[in-house]
1. Assuming R0 = 41 Å, what is the FRET efficiency of Arg202 and Ala101, from their Cβ-Cβ distance, to the nearest 0.05?
2. Of the accessible area of region 5-138, with the probe set at 1.4 angstrom, what percent is carbon plus sulfur?
3. What shape does region 47-101 take by its C-alpha gyration tensor, where a ≥ b ≥ c are the square roots of the eigenvalues and a/c under 1.5 counts as rounded, a/b above b/c as prolate, and the rest as oblate?
4. Read phi for every residue in region 25-33 and hand back ³J(HN,Hα) as whole Hz from Karplus 6.51 cos²θ - 1.76 cosθ + 1.60, θ = phi - 60°, with x for Gly and Pro.
5. Using label points projected 7 Å from each Cα along Cα→Cβ, tell me how many nm separate Ser122 and Glu194, to one decimal.
6. The chain: percent of C-alpha pairs farther apart than 28 Å?
7. Starting from the Cα gyration tensor of region 103-164, take the square roots of the eigenvalues, sort them a ≥ b ≥ c, and report rounded, prolate or oblate (rounded when a/c is under 1.5, otherwise prolate if a/b is larger than b/c, else oblate).
8. Accessible area per residue of region 99-208 at 1.4 Å probe, in Å²?
Amino acid sequence: MATKETKQRGRPRSFDRETALEQAVRSFWERGYEATSISDLTRAMGISAPSLYAAFGDKRALFDEVVAEYGRLYGGFLSRAVAEEPTARRGVERALREAAAEYTLPGRPRGCLVISAALNISPASAEVADSLRGMRLSNVRDIAGAIRADIASGELPPDTDVDALAAYTGAVIQGMSQQARDGAERTELEAIAELALKAWPRKTGGEVR
């Protein structure tokens, strides 16, 4: 019996792990953390529950891996835009336009997994909600840091309310995600982005950037 069990443990997996993980990303992206059951996951991933637990651990461990995979494949555009563009406003403008495109791209779930996955979550899953909230707040801090740099360089007025402007931008992006899930098209989200940019203060000297 011991020999048989050893052979079973040594058998290679009969599924492609990366493909299964991609299907798990889509499941959590579409339904959110709380509403996605193990049976939903095994059905989407095409594997049995024992195989899921052996390959990925429990639901929470799988979700952590899903969030990392989502960030690698689909997310991270906001922090990249803010880091790569020469000013905070230029970075936010790029991020908002990319959000309008990414959140409505055909062939995959709408909106942002990091924003929507923790909606309607129960107290039992509070750690998941806290983790995703931390990721969203990290984006806001990135924006705030870029705003402070622009104030120091004279790109923005010294009386710019850094925290309020960064939080406002984060709220717009979260709202765009929800609008996309409610059926808004790319052009509608781009219009929201244009209006949001009008709230940014003018450059010192009056020039709008």
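1. 0.90
2. Result for region 5-138: 50 percent of the exposed heavy-atom area is carbon or sulfur.
3. Here region 47-101 falls in the prolate category.
4. 4, 5, 5, 5, 5, 6, 9, x, 5
5. A separation of 4.6 nm, rounded to one decimal place.
6. 39 percent
7. The shape class here is oblate.
8. In whole numbers, region 99-208 has 51 Å² accessible per residue.
The values are calculated or read from the model by the stated rules, or taken from the named source; none is laboratory data. This structure is a prediction, so every number in the text was calculated from the model and none was measured. Here Cβ is always computed from backbone atoms with ideal geometry, including for glycine, and neighbour counts include all displayed protein chains. Just so you know, the surface numbers come from the protein's heavy atoms only, side chains and all, with ligands and any DNA or RNA stripped out. Shrake-Rupley method; radii C 1.70, N 1.55, O 1.52, S 1.80 Å.
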